[in-house]
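The values are calculated or read from the model by the stated rules, or taken from the named source; none is laboratory data. Everything quoted here is computed from the prediction, not taken from an experiment. Using ideal geometry, Cβ is built from the backbone for each residue, glycine included, and neighbour counts are taken over all protein chains shown. The area values use the complete protein model at the heavy-atom level, side chains included, leaving out ligands, DNA and RNA. Shrake-Rupley method; radii C 1.70, N 1.55, O 1.52, S 1.80 Å.
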Amino acid sequence: MAEEKTTNSAEMEQQAAQEDINVEETVEAVFEEAEATPSNEGNAVEEELKEANEKIAALEAKLEEESNRYLRLQADFDNSRRRSRLDMEAAQTYRAQSLVLDLLPSIDNLERALKIEAVDEQTQSLYTGVEMVYRGMLEALKKEGVEAIEAVGTEFDPHLHQAVMQEEVEGTESNIVVEEFQKGYKLKDRVIRPAMVKVSQ
């Protein structure tokens with residue numbers, strides 16, 4: 001009986017010791033897991049933060065690109081609108097240019113006709129009629145901003161004059177227009193036909 005109690009007591013002690021070992025192992029395992037978990041979670045958080053920063057950087061780059069594109073489009077639109085306005089203003093200012101260019105040969109012919117001397121009354125009345133038509137055309141052109149270019153006696157200007165001859169003339173400085181073969185005309189500030197001239201050497 002005493003032996004059974006001793007055996008039971010020994011078994012119980014052994015069982016208690018075994019349970020203590022199991023408890024210690026469980027506690028150690030829990031502490032190890034607890035220590036390992038924050039490290040893993042920290043790595044995961046760092047990865048997520050890195051990915052988020054990369055996405056933010058990519059979105060910021062895309063936003064800057066789109067912003068630059070918008071600014072370029074806005075500048076192109078403003079330039080296009082300005083060009084259109086300038087084209088419209090030029091078209092309005094020089095709207096008569098085509099008509100004036102078509103009329104200039106007729107004006108040249110009227111000027112040639114006016115160089116003929118009227119010898120009798122009938123020719124004189126015809127001359128007067130041609131002169132009236134000529135003056136009427138010049139007046140209409142003047143209202144549109146057309147004016148003749150001064151030539152004879154002025155210094156040769158390649159923007160206003162077209163030199164077809166050069167001649168040495170006594171008492172005249174070089175590069176002076178000495179004769180006009182065909183009148184030149186300006187429409188406002190634009191030369192629509194340069195004067196055809198002879199220039200002194």
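Within the bounds of segment 92-103, is there any residue that is free of Cβ contacts under 8 Å to residues at least 12 places away in the same chain and farther than 18 Å from ARG193 by Cα?
yes
Go through segment 167-201 and give me each residue that's touching a residue at least 60 places away in the same chain (Cβ under 8 Å) and aliphatic (A, V, I, L, M).
Hits for segment 167-201 are LEU187, ILE192.
Just one of the numbered conditions (1) under 50 Å from the mean Cα position of the chain (by Cα); (2) loosely packed, with under 14 Cβ neighbours inside 10 Å is not true of GLU144; which one?
For GLU144, the exception is condition (2).
Being open to solvent by 100 Å² or more (accessible area, probe 1.4 Å) and either assigned to a helix (DSSP H, G or I) or over 22 Å from GLU180 (Cβ atoms) (or both) is the filter here, so list the residues in segment 88-128 that pass it.
MET88, GLN92, ARG95, LEU99, ASP102, ARG112, VAL119, GLU121, GLN122, LEU126
Can you pull out every residue in segment 75-124 that is in contact with a strand residue (DSSP E or B) (Cβ under 7 Å, 6 or more places away or on another chain) and of a type in the set (Ser, Thr, Tyr)?
TYR94
Of everything in segment 108-129, what is within 21 Å of GLY184 (Cα to Cα) and either in contact with a Ser or Thr (Cβ under 8 Å, 6 or more places away or on another chain) or without any contact (Cβ under 8 Å) to a residue 60 or more places away in the chain (or both)? Give them in sequence order.
Those that are within 21 Å of GLY184 (Cα to Cα) and either in contact with a Ser or Thr (Cβ under 8 Å, 6 or more places away or on another chain) or without any contact (Cβ under 8 Å) to a residue 60 or more places away in the chain (or both): ASN109, LEU110, ARG112, ALA113, LEU114, LYS115.
Is it fair to say LEU110 is under 19 Å from ALA195 (Cα atoms) and touching a Phe, Trp or Tyr at 6+ places or on another chain (Cβ under 6 Å)?
Yes; evaluated as a whole, the condition is true for this residue.
Six or more apart or on different chains, Cβ under 6 Å: which pairs go from a residue in segment 60-86 that's among the aliphatic types (A, V, I, L, M) to one that's surrounded by 10 or more Cβ atoms within 10 Å (Cβ to Cβ) and in a helix (DSSP H, G or I)? Could you list them?
Matching pairs, first to second residue: none at all.
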